[in-house]
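FYI, it's all coordinate maths here, none of it is from the lab. As the structure is a prediction and not an experimental result, all values here were calculated from the model. Counting neighbours? That spans all protein chains shown, and the Cβs are built from the backbone with ideal geometry, glycine included.
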């Protein structure tokens, strides 16, 4: 009698039982940015999977202590990449967080932010707009957004946030951006800007559209998209995240190609199919949508477009976790950078090491986040590069914060900023 | 750390059979701190279990008597790489792969390569006397241990051994600590011997119709006077899993595959490759050839590692056994394992370091299926007994810990076990260091 499967079982995400598949080899410890800082086993996939397994078996309570252990994770995906048994520990952690939220509910501030503000793009614009006109919030470059912090109770602990854009992308970017005259039109794409390029880096959002247009694409911008939902899902509020995904999928249904310049949004959009259960009738539509999503650099690497830097510069690249580990994109941005005239590309040591932000992680565990950031800064400094390029607004925030803290003479840029060239600015 | 959830994550090692929570986990960063902890533990008679990454496979680092887990992972500095004397002195919490990366930068080579190198700490490797594929030619950890600093249970900090390959100053005390599974003293620092990095490597892959034939081929290669750096074996089950995940064009009906790595100077390696191919052909290989280039060779070795992954992903519980037999009996042991698999109607995958007689027959099972699990346990027992019958050992590189304790009586004479007890008593009269491991208490 054969009682065991002959082949490897399928590894579907979002399944708490997957924690049982961890064979405890401990390889995840080698790749975990948090474990490398604190060496605490309950903060790394192997130890956490044991806790999740025990919570499943109800031998430990799913209380605040448990939720706190689950929070020690950047969801960067390195553990899954190195796992010999292909255990998807980040998905398991999200499932466990969701389980806690389902049992205990969300705290009031989180409920307001996830279910009220982030979901409602117009409300978010209005609230952020109100914050933007408060003196000192949007005018002083590089200063912490204290008013925002009080306002949403999310932004705290001295992380220097970018100033709010004025105006927001919705007032900056037309509904359609056409290729410049003389450029042959290859097709049409829709862009998914994401919250960061809507509200904090609107000029980059505009630049993303313009570079795509320069490459020969008519770029459609839809104003009433909502947040990609990743932060909400990561926090365990799956239901709200699903509503956000549905909204975005329906708004973008008629487009064949959706491009995003945000690594985090990209990994969320490409994962939408996984956010819905097997029995959910919406799953198929979500999967079809996910297949149409490309990251900005992934899409453009195939286009062979020419751009030129304003002056000769030495550039290095930081791999966002949501780009390399979640989407498997690492060669394309480098190809693009090398193709820019005037750019000398240098690789930094540990280019694919995490920047330490991890969304809300940096606010919950600031000391660990900074320890990870410090190492990154040292590696950037060692290259002698004048510019560090990345593809994720979260990394932009963290790297800019690190450059400021360490007083490095280095500019932090999104890849599109270099490709946009000077003539448009 | 004393929070119940943190303690729960220090209750296990790499095995699936043992779990026991400590009362507290401490993270010393100096030998002096270890000394203070040991003095306190001795005064209060508190059990202390030293731990590295907890990736060991025998229950060795599971704190079965509760008490203190002494987690050494924060003592993780490489202190001195001496490229002129070919030695490295390092703290014990350094992860083996991190050490290797630093050594490679200086063209230095530390051969022992337990396949847990991404997790395992140097201290854990010394304490378990770990080894891996390179053992065929280069031996295991004990062959590279020159000296160490350790803290005795009474808190004394002692330096044992030295910095030289030749050293006969009294009993070889570092060797007594090597493989002692944390039962004698807490090692805080070690000095290891290094080799120059061999300039050239080539890989030969040989395919056989039966596992037994490949076992005979290993014997043939070695007796022809060639000493490959590695000889690894994979059976049909593993070959098929590899092809599913990473297609390399391996023949799906092949019974077994051997991978050889030859290293040394270019001309010697080329000659050895020819000789290995000839020996495999004589032994009856269906197909044997050298890898085209370094890229293809790397693919084969990645596949070899993927083989182990496939086993680990294949069923809820795995007994990845660790028996070792004299090289002349490899084929006999394989034969026997296959008979045992048939007898108990189990899937037993064979993968291992065939070149040094160390095989990992892996029994796939599920603890939740009690009847199946019981059969698997019986099969494991018989595999151990078979290894002993062929003059082998019940553990090649994983250690005894808890998992193989009950076989000690068959593996060692009573007088020899008494010697172990006596040594333990000299180091640790109060029996506070990792108690309950290696041998069974006298009833």
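Numerical summary
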item	result
Cα Rg, Dmax (largest Cα-Cα span) when computed across the range B:314-428, Å	15.2, 47
Computed Kirkwood radius, in angstrom, where 1/r is averaged over Cα pairs of the range A:59-125	13.9
DSSP-defined antiparallel bridges as percent of all bridges, chain B, nearest 5	90
GNM result for chain B, Cα springs below 10 Å: residue of B:391, B:14, B:307 fluctuating most strongly	B:391
Gap separating the Cα centres of the range A:379-425 and the range B:179-217, nearest whole Å	45
Mean projection area, nm², convex hull over Cα of the range B:200-389	10.0
Those residues of the range B:175-205 whose amide nitrogen sits under 19 Å from the label point placed on residue B:266, 7 Å along Cα→Cβ	B:197-204
Principal axis dimensions, largest first and in whole angstrom, of chain A by Cα	70, 47, 46
Which of B:235, B:270 has the fewest Cβ neighbours within 10 Å, and the rest in rising order	B:270, B:235
Share, in percent, of DSSP beta bridges within the protein assembly as shown that are antiparallel, nearest 5	65
Residue mean of other protein chain beta carbons inside 10 Å, A:42-51	4
Alpha-carbon centroid distance for the pair the range B:1-54 / the range B:89-132, whole angstrom	22
Point-to-point label distance, residue B:367-residue B:418, nm (Cα→Cβ direction, 7 Å offset)	3.8
Globularity index of the range A:357-409, i.e. its alpha-carbon radius of gyration over 2.2 N^0.38 Å	1.09
Dimensionless Rg over Rh [the range B:197-295; C-alpha; Kirkwood]	0.97
The range B:373-443-the range A:280-330 distance, computed between alpha-carbon centres (Å)	55
Pairs of alpha carbons in the range B:4-71 whose separation is greater than 19 Å (percent)	29
Within chain B, helix-based [θ] at 222 nm, where runs of 4 or more DSSP H residues each add -39,500 (n - 2.57), nearest 500	-11000 deg cm²/dmol
Two-site label geometry, residue B:101 and residue A:120: point separation in nm, points 7 Å out along Cα→Cβ	4.8
Translational D in µm²/s for the range A:308-420 (Stokes-Einstein at 20 °C, 1.002 mPa s, Kirkwood Rh from C-alpha pairs)	153
Relative contact order for the range A:213-276, counting Cα pairs under 8 Å that sit 6 or more residues apart, in percent	33
Normalised contact order of chain B, rounded percent, pairs of Cα under 8 Å and 6 or more residues apart	16
Cα gyration tensor shape of the range B:112-182, rounded if a/c is under 1.5, else prolate or oblate by comparing a/b with b/c	oblate
Along each principal axis, Cα extent of the range A:253-369, largest first, Å	54, 42, 19
At 1.306 mPa s and 10 °C, Stokes diffusion of chain B via Kirkwood alpha-carbon radius, µm² per second	70
Crossing angle, helix A:202-214 versus chain A [Cα axis fit, 0-90 degrees, rounded to tens]	70
Choice from B:69, B:349, B:24 showing the highest fluctuation, given a GNM over chain B with Cα pairs closer than 10 Å	B:24
FRET E, pair residue B:223, residue B:86, Förster distance 35 Å, beta-carbon r, rounded to 0.05	0.65
Rounded to whole Å, sorted largest first: equivalent-ellipsoid semi-axes of the protein assembly as shown, Cα gyration tensor	51, 31, 27
Folded to 0 to 90 degrees: helix A:238-251 orientation relative to chain A principal axis, Cα	40
Sum of -39500 (n - 2.57) over DSSP H runs of 4+, divided by residues of chain A (222 nm, nearest 500)	-13000 deg cm²/dmol
Mean separation of Cα contacts under 8 Å (6+ apart) over length of chain A, as relative contact order %	15
Per-selection Rg to Rh, the range A:16-104 - Cα, Kirkwood hydrodynamic radius	0.93
Square roots of 5 times each gyration tensor eigenvalue, C-alpha, the range B:78-196, largest first, Å	21, 16, 14
Equivalent ellipsoid, the range B:140-267 (semi-axes from 5 times Cα gyration tensor eigenvalues, Å)	41, 19, 14
Rounded to 10°, Cα long-axis angle of helix B:370-389 versus longest principal axis of chain B	80
Peptide-level mean, for B:2-14, of C-beta atoms on other protein chains within 10 Å	6
